[in-house]
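Following: one structure in structure tokens, then a few remarks.
The values are calculated or read from the model by the stated rules, or taken from the named source; none is laboratory data. Note that this is a predicted model, so its numbers are computed, not measured. Cβ placement follows ideal geometry from the backbone for every residue including glycine, while neighbour counts extend to all protein chains displayed. To get the accessible areas, we keep the full protein, side chains included, count just its heavy atoms, and leave off ligands, DNA and RNA. Shrake-Rupley method; radii C 1.70, N 1.55, O 1.52, S 1.80 Å.
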Amino acid sequence: MIHWPWQHPGRSPAATWPAAALLAVLLGLAPSAAQGQAPAAGEGDGEPPSFIIGKEDVLRISVFGEESLSADKVPVRPDGKISVPLLGDVLAAGKTPEELGSELSERFKAHVRAPVVTVMVTEINSFKVFLLGSIRSPGEYKLGRATNLLQALSLAGGFADFANTKRILLFRNEDGTQRRMELNYEKIISGQNLDMNLMLKPGDTIVVP
């Protein structure tokens with residue numbers, strides 16, 4: 001039986017947080033949807049974030065009318081590049097599929113008349129997060145969709161005994177610099193600070209003391 005993160009002995013979820021607010025957090029809604037507050041900048045517009053291609057992802061590249069240039073399984077190498085017929089190595093990591101498709105279409109113009117290129121991600125291997133410390137199933141988790149902190153904790157089976165849920169640490173690399181953030185699970189589920197229920201990014205490491 002899965003031990004959900006909010007199921008602490010002797011505590012009723014309904015007594016600490018209305019069901020609607022709990023559902024809102026699990027679905028990753030902005031505070032405005034859960035509490036009637038103004039959303040933070042860039043949040044609450046209803047648009048999911050664009051997927052960014054990463055290392056180890058697998059792509060399907062289709063060049064309309066040019067079967068010899070199309071490929072079903074194109075791996076993104078550790079250097080972030082893919083190998084494309086006629087074009088050689090092309091940087092894919094860090095771009096959306098639409099951006100990469102547009103770039104390939106432009107570059108293929110030197111070889112193909114009016115090329116139309118589409119890029120699809122067939123395997124998502126780059127979105128990995130790591131959960132360590134006082135949780136039931138620590139380890140590496142591959143995420144196939146946008147996932148917030150509470151959802152990741154539930155994937156790991158919830159907290160182990162004696163976990164310090166008021167001081168969860170999240171380590172994140174941004175532009176070559178590592179950030180360290182302290183998150184309070186109790187404040188998230190009580191509704192005091194829903195902003196702490198962060199949307200995770202590839203490479204995030206969560207440590208529960």
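Couple of notes before you dig in:
- The calculated FRET efficiency for the pair Glu106 and Lys73, based on their C-beta separation and a Förster distance of 25 Å, comes to about 0.60.
- For region 91-193, trypsin sites (Lys or Arg not before Pro) are listed when DSSP marks them as loop and at most 11 other Cβ atoms sit within 10 Å of their Cβ; the list is Lys109, Arg113, Arg145.
- Rounded to whole Å, the principal axis extents of the Cα atoms in region 120-209 read 41, 27, 22, largest first.
- Note on Ala114 and Lys142: the extension gain reaches 6.3 nm, defined as 0.36 nm multiplied by sequence separation minus the Cα-Cα distance.
- Rounded to the nearest 10 Å², the accessible area of Asp79 at probe 1.4 Å: 80
- Per-pair calculated FRET efficiency, R0 = 30 Å: Phe51 and Asn164 via Cβ, rounded to 0.05: 0.35
- Across the cross-link table entries Lys73/Lys109; Lys81/Lys128; Lys142/Lys166; Lys73/Lys201; Lys142/Lys187, which are compared at the Cα atoms, the separations over 21 Å belong to Lys73/Lys109; Lys142/Lys166; Lys73/Lys201; Lys142/Lys187.
- Where a label projected 7 Å from the Cα of Asp175 along Cα→Cβ would reach, residues of region 88-127 with amide N under 18 Å: 94-95
- Compactness index (Cα Rg / 2.2 N^0.38 Å), region 50-121: 0.99
- P(r), alpha carbons of region 43-162 - 10 Å bins starting at zero, rounded %: 12, 36, 25, 16, 8, 2, 0
- Radius 13 Å from Cβ of Asp79, net charge of other residues (Lys, Arg +1; Asp, Glu -1): +1
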